[in-house]
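The values are calculated or read from the model by the stated rules, or taken from the named source; none is laboratory data. Predicted model only: the values in this text are computed from it and were never measured. Please note: Cβ atoms are built from the backbone with ideal geometry, for glycine as well, and neighbour counts cover all protein chains shown. Areas reflect the complete protein model, heavy atoms only, side chains present, ligands, DNA and RNA absent. Shrake-Rupley method; radii C 1.70, N 1.55, O 1.52, S 1.80 Å.
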Amino acid sequence: MESSILLKREYGAVCLRLREMMDRRGINRNQMARRVGVRFEVVDKWYRDEVEKLDLDVLARLCFVLDCQPGELLAYRGPGGRA
C-alpha cells in the first residue's frame with residue numbers, strides 16, 4: 001500500500017530539542033528569553049516542546065544565541081516514536 005498522509009493516520013511528529021541544548025549549556029528560560037528578545041511564554045513553549053507552528057524568526061534567534069543549526073533544534077520522530 002502506498003504511504004500517504006491521506007492513507008496513513010500516524011505519520012510522526014517534529015520534536016524540539018531546545019530543553020536538551022539549554023540544560024547542557026546551563027541556560028534557564030528567563031535567560032534565554034532575554035537573550036533572544038521574546039517573552040518568557042514563547043521560550044517556555046519551545047522548551048516544553050509545545051509549539052504547534054514554527055516561527056522561523058524565533059528559530060533563527062535561538063540558533064544565533066546557541067550558535068547552532070536548525071537541525072540541531074528539530075528532530076523528526078516517525079510513527080511509533082522512531083527517529
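At a glance:
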quantity	calculated
Under DSSP loop assignment and at most 11 Cβ neighbours within 10 Å, longest GluC sites (Glu not before Pro)-free interval of the chain	11-49
Residue-span extension gain [R34 to C68] - 0.36 nm each, minus C-alpha spacing	10.4 nm
Probe 1.4 Å - accessible area at V42, Å² to nearest ten	40 Å²
Nonlocal amide H pairs with L74, under 5 Å, H built at 1.01 Å	R17
Derived scalar couplings ³J(HN,Hα) [the stretch 46-62; Karplus, 6.51 cos²θ - 1.76 cosθ + 1.60; whole Hz; x for Gly, Pro]	5, 4, 8, 6, 10, 7, 9, 10, 6, 9, 5, 5, 5, 4, 5, 5, 4
